[in-house]
Structures are given as structure tokens and as C-alpha cells.
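Down below is the structure, laid out as C-alpha cells.
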Amino acid sequence: MRIISGDDKMSDSLINTIMGISPFIEILIRKIYWHSDLLIKFNRSSNKNKVKVAIPVTSSLERLENKLKELGIKEGDLLIVHSSYNILKQTGATPNEIIDVFLNLIGENGTLAMPTIPRWEDKINKNLMKEDITNTVIQYDTDNTPASTGTITNLFLKYPKVERSLHPLNTMAAFGPLAKPMMKNNISGFKPLPCGENSSWKYCADHGAKIIALGADMTHSLTMIHVVEDAYNEQWPIKEWYRDRKCIVFDNGEKRDITVRERHPKWAIHYAERTLYKDLLKSGVMTKDFVDGIKIELINDSRNLIDFLQERNKKGYPYYFIRRSFLNGKN
């Protein structure tokens, strides 16, 4: 859970510097935050009332495109993009122009994907961790449910021939030759998981997708890590990881009632994203660069990320301080 707003430069902020000192400090801060209704309300209020300050044009779309080429984004790539238009707008480009840069770089043989995770109207407070959702049904429409992941992703959803995953959690949209096959069986099987065996995320991992974060914080946005939990859940070492979620999915006028599983929100407190951030940079799985002050983080091959996480997940890395009674000892 992000403690400050999504448009702030997370990895460079004071709070992230403090949390990055050790996972113990980060988890302690998260627990204090999530057990304080006052802090949560203050954070949400301050974000709503934040004054929008115009950012002077200090960059250019051309320099950004050249930097992406330099980093190895090329024709035929399967590319997942996490982005913040609040940062990227200093290029002077519209969201559509930024999307077109990605499409031009990967060409007709490439596939562009973005997270389009729905914004559910769940009340955010300390009771979220214990809330009984047995009789709560969420509705997801592949054509009409907006994404919580920003301006660029919501415009991307309107592009012709963009495919959106059927799974109502951790949804993804994609354009290109791999778009249809990656979405084909998203809600097949028993209580399908959002990043499980048939998910678009697992498909992208298997096909070595490149993952880039532009202005967004990579490890806060990194949905791909959940493939290790969901697609290999029999090996996942933490018990009681999931809870059921009842859903109604609308797609091209067809209605489906399904039950899926999701990671219980109580585990988010244990996610040491700043430790993961440091570890990914140190290992070389992720690189960081800048162009005109815009931060660019890149995972060149998502298979390397999955291998990195699987090698370290004997106790549920990058989740820390899990009580021994919740560890099943399978690894």
C-alpha cells in the first residue's frame, strides 16, 4: 500500500529512504499507517486537496523515445508499461502521443500491454484487513469499467483492437499479435487467480516481456511479482494467502457469474517494496536511468524477475515478518 500519493517520486522521497533502510522499518511504518484511521483519512484528504502545479516543459518526446531505444526497446518486443502522465506531461506530449511512441518502437510485430486494474469502491480503513466480503459482489465490464492506473491506460483502453483481460482483478489491456492469445483463458478453471496459470500476466512472464516504468515507481506498480504466488501457488510458503471474491463479469454483452481468489489484503502490510527495489537494482534484474529528470526503470526480461523471486521465496519474499504458524514449510 502506497503511503503517499501515486504521483510523488516514491523511490526518491524521504519516506522511501527511511523505509529502504530495512524491511523491519518499512513493515513497522505500514502497520502503524494501516491501523490508524486518522492517518488514512488525512492522507486521502491531502491527496484530494493537492494543488496541481504546472510543470514547465523541460524535456521532449524525441529525447524520451531515443532513450527508450538506447535501453533496448525495439521492434517485436512484448512490452508492459507502467506510467504516470503527471510526470510524462512535462515532455509536452499528449497521452496519445506517448502511447504512439511505444507502438512505434515495438512495431507491427510487437505487443504493447498495460495494467488496467479497476477502481473498486471499497472503503479504505483499518477494517479492510478483516472485512467480511462473503456477500459482496463486484461487477466488472471489459468495455466500460475504468482503470485506476491513470490517464494513459484509460486512453489506451479506447484504442481500436485493444483486448482486455476477462479476470476482474489485476486486469490488463494489450494491443498487437499476442493480445488475443494472452487473454484467451483468463477465467478458466476453479476459482481462477488474477496472476495464475491462465492469466495474461503469466503469459507475459512466459514470453519474456520487458517491463518498463516511466515516472511511476516500479516496485509499487509491479503486478508481475504476483505470478510467483498465483501461478505456482502450490509452492507458495504462506498459508491462508487467498480469500474468495464473488464477481459478475460483462464482456460483449455476455454476463458471467464467477468466484475468483485474491490475495487477502492483510498481507499487503508485509510487502517490503523498498527492500525489493534495492535488491532488484543490486542484482541487475532491474536498471534505472533518467532522461531530463524523468525516471525510467526497466526489467529487460520478466523471466529473470520470476527466477529471482522463486530463488528467494522460502519464507515468502518480498513479504517479511510472517508468523511461523502461517509458514507451511514446503520449501
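The values are calculated or read from the model by the stated rules, or taken from the named source; none is laboratory data. Small disclaimer: the values here were computed from a predicted structure and weren't measured. As a convention, Cβ positions derive from the backbone with ideal geometry for all residues, glycine included, and neighbour counts pool all protein chains shown.
Within the group Asp37, Asp12, Asp8, which residue is at pLDDT below 55, surrounded by fewer than 16 Cβ atoms within 10 Å (Cβ to Cβ) and under 16 Å from Thr219 (Cα atoms)? Before the answer, list the steps.
Details: Asp37 fails: under 16 Å from Thr219 (Cα atoms); Asp8 fails: surrounded by fewer than 16 Cβ atoms within 10 Å (Cβ to Cβ).
That would be Asp12, the only listed residue that is at pLDDT below 55, surrounded by fewer than 16 Cβ atoms within 10 Å (Cβ to Cβ) and under 16 Å from Thr219 (Cα atoms).
Among the candidates Arg261, Arg274, Arg323, single out the residue that is of a type in the set (Lys, Arg) and surrounded by fewer than 15 Cβ atoms within 10 Å (Cβ to Cβ). It would help to see each step written out before you state the result.
On the way: Arg261 fails: surrounded by fewer than 15 Cβ atoms within 10 Å (Cβ to Cβ); Arg274 fails: surrounded by fewer than 15 Cβ atoms within 10 Å (Cβ to Cβ).
None of the others qualify; the one that does is Arg323.
Yes or no: segment 260-280 includes at least one residue that is closer than 26 Å to Asp132 by Cα and over 18 Å from the mean Cα position of the chain (by Cα).
Yes.
If you go through segment 292-319, how many residues are outside any helix (DSSP H, G or I), out of contact with any His (no Cβ under 6 Å at 6 or more places or on another chain) and closer than 27 Å to Glu234 by Cβ?
Total meeting the criteria: 7.
Just a yes or no: is a residue in segment 154-164 of a type in the set (Lys, Arg), within 15 Å of Pro115 (Cβ to Cβ) and within 14 Å of the chain's Cα centre (by Cα)?
Scanning segment 154-164, I find no residue that is of a type in the set (Lys, Arg), within 15 Å of Pro115 (Cβ to Cβ) and within 14 Å of the chain's Cα centre (by Cα), so the answer is no.
For segment 103-115, indicate whether the set of residues that are modelled with pLDDT under 95 and either surrounded by 14 or more Cβ atoms within 10 Å (Cβ to Cβ) or more than 20 Å from the chain's Cα centre (by Cα) (or both) is non-empty.
Initial filter on segment 103-115 (modelled with pLDDT under 95): none.
No, segment 103-115 contains no residue that is modelled with pLDDT under 95 and either surrounded by 14 or more Cβ atoms within 10 Å (Cβ to Cβ) or more than 20 Å from the chain's Cα centre (by Cα) (or both).
Lys74: modelled with pLDDT of 75 or more, within 30 Å of Met182 (Cβ to Cβ), out of contact with any helix residue (DSSP H, G or I) (no Cβ under 6 Å at 6 or more places or on another chain) and not in a helix (DSSP H, G or I), yes or no?
Numbers: modelled with pLDDT of 75 or more: yes; within 30 Å of Met182 (Cβ to Cβ): yes; out of contact with any helix residue (DSSP H, G or I) (no Cβ under 6 Å at 6 or more places or on another chain): yes; not in a helix (DSSP H, G or I): yes.
Yes: the conditions hold for Lys74.
Which residue pairs have Cβ atoms closer than 9 Å, lie 6 or more positions apart in sequence or on different chains, and pair a first residue in segment 276-291 that is assigned to a helix (DSSP H, G or I) with a second residue that is among the small types (Gly, Ala, Ser)?
Tyr277/Ser11; Tyr277/Gly20; Lys278/Gly20
Return the residues of segment 152-192 that are without any contact (Cβ under 8 Å) to a residue 24 or more places away in the chain and in contact with an Asp or Glu (Cβ under 8 Å, 6 or more places away or on another chain); say none if nothing qualifies.
Lys180, Met183, Gly189
Considering only segment 277-299, how many residues are more than 11 Å from Thr219 (Cα to Cα), of a type outside the set (A, V, I, L, M) and crowded, with 19+ Cβ neighbours inside 10 Å?
1
Out of (1) modelled with pLDDT of 95 or more; (2) closer than 29 Å to Val291 by Cα, what's the single condition that is false for Met182?
Every listed condition holds for Met182 apart from (2).
Is there a residue being at pLDDT 85 or above, among the aliphatic types (A, V, I, L, M) and under 16 Å from Lys295 (Cα atoms) anywhere in segment 49-58?
No: segment 49-58 contains no residue that is at pLDDT 85 or above, among the aliphatic types (A, V, I, L, M) and under 16 Å from Lys295 (Cα atoms).
Hey, does segment 265-280 have a residue that's polar (S, T, N, Q) and touching a strand residue (DSSP E or B) at 6+ places or on another chain (Cβ under 7 Å)?
no
Give segment 182-215 a look and list any residue that's closer than 23 Å to Leu280 by Cβ and β-branched (Val, Ile, Thr), or say none.
Within segment 182-215, Ile211, Ile212 qualify.
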